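S.K.: Can you read through this structure? Questions will come right after.
The values are calculated or read from the model by the stated rules, or taken from the named source; none is laboratory data. Computed from a predicted model, the values in this text were never measured in an experiment. For neighbour counting, all protein chains shown are included, and Cβ atoms are generated from backbone atoms with ideal geometry for every residue, glycine included. Surface areas here come from the heavy atoms of the whole protein model, side chains and all, with no ligands, DNA or RNA. Shrake-Rupley method; radii C 1.70, N 1.55, O 1.52, S 1.80 Å.
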Amino acid sequence: MQTSIFLAKLMGPVALAVGVAALVNAAVLRQVAEEFMASHALIYLAGLLGMVAGVAIILTHNLWVGDWRVVITIIGWLMAIGGAVRLILPQRAEAAGHWFLKRPATQTAAAAIWLAVGALLTFFGYFH
């Protein structure tokens, strides 16, 4: 349980900040995403860092339980898989990014998901 609380304290505020940034600075983040997708080096680096972070989470917190802690595990697996896709298939990751940017509602939906996940993890990390 200590690992879960530590990871919730670490990941919760970051997820909240990402969600708020996506809502408050939507135009800036759109530009950042366009610049990011124009650089295969950045896609590769993001894949490497994402996969390392995801595998680290999986190695320390691979809990498939019926409570809030499973959110951390799912995030770890999504990061590892997403990182691997960016490393192995950077063109596919770039295409997915362009698909995402063509649909402005997806940015709002992603922000809402980040806010919800961030609020959940922050609550259980700091207040539960």
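S.K.: What are the residues in the stretch 98-115 that are touching a residue at least 24 places away in the same chain (Cβ under 8 Å), open to solvent by less than 80 Å² (accessible area, probe 1.4 Å) and under 14 Å from the mean Cα position of the chain (by Cα), if any?
M.R.: 107, 110, 111, 112, 115
S.K.: Here's a follow-up. Taking the stretch 29-47, which residues are touching a Gly at 6+ places or on another chain (Cβ under 7 Å) and without any contact (Cβ under 8 Å) to a residue 60 or more places away in the chain?
M.R.: Here is the first cut: in the stretch 29-47, the ones touching a Gly at 6+ places or on another chain (Cβ under 7 Å) are 33, 37, 47.
Passing the criteria: only 47.
S.K.: Please go through the stretch 116-128 and pick out each residue that is surrounded by 14 or more Cβ atoms within 10 Å (Cβ to Cβ) and not β-branched (Val, Ile, Thr).
M.R.: The first filter runs over the stretch 116-128 and keeps only residues surrounded by 14 or more Cβ atoms within 10 Å (Cβ to Cβ), leaving 116-122, 124-125.
Passing the criteria: 116, 118, 119, 120, 121, 124, 125.
S.K.: Follow-up question, since we're still on this one. Taking helices (runs of 4 or more DSSP H) that do not extend beyond the stretch 16-128, which have at least 1 residues that are closer than 28 Å to residue 4 by Cα? Spell out how you get there, then give the answer.
M.R.: Numbers: elements: 26-37, 40-60, 69-88, 90-102, 104-122.
Result: 40-60, 69-88, 104-122.
S.K.: Let me ask something else. Residue under question is residue 81, and the condition is that it be under 23 Å from residue 121 (Cβ atoms) and in contact with a His (Cβ under 6 Å, 6 or more places away or on another chain); does it hold?
M.R.: Working: under 23 Å from residue 121 (Cβ atoms): yes; in contact with a His (Cβ under 6 Å, 6 or more places away or on another chain): no.
For residue 81, the condition - under 23 Å from residue 121 (Cβ atoms) and in contact with a His (Cβ under 6 Å, 6 or more places away or on another chain) - is not met.
S.K.: Now for a different question. Of the residues that make up the stretch 59-75, is at least one under 22 Å from residue 17 (Cβ atoms) and open to solvent by 90 Å² or more (accessible area, probe 1.4 Å)?
M.R.: Looking only at the stretch 59-75, we keep the residues that are under 22 Å from residue 17 (Cβ atoms), and these are 61, 68-69, 71-75.
Then keep just the ones that are open to solvent by 90 Å² or more (accessible area, probe 1.4 Å); that gives none.
Checked against the condition, which is being under 22 Å from residue 17 (Cβ atoms) and open to solvent by 90 Å² or more (accessible area, probe 1.4 Å), the stretch 59-75 yields no hits at all.
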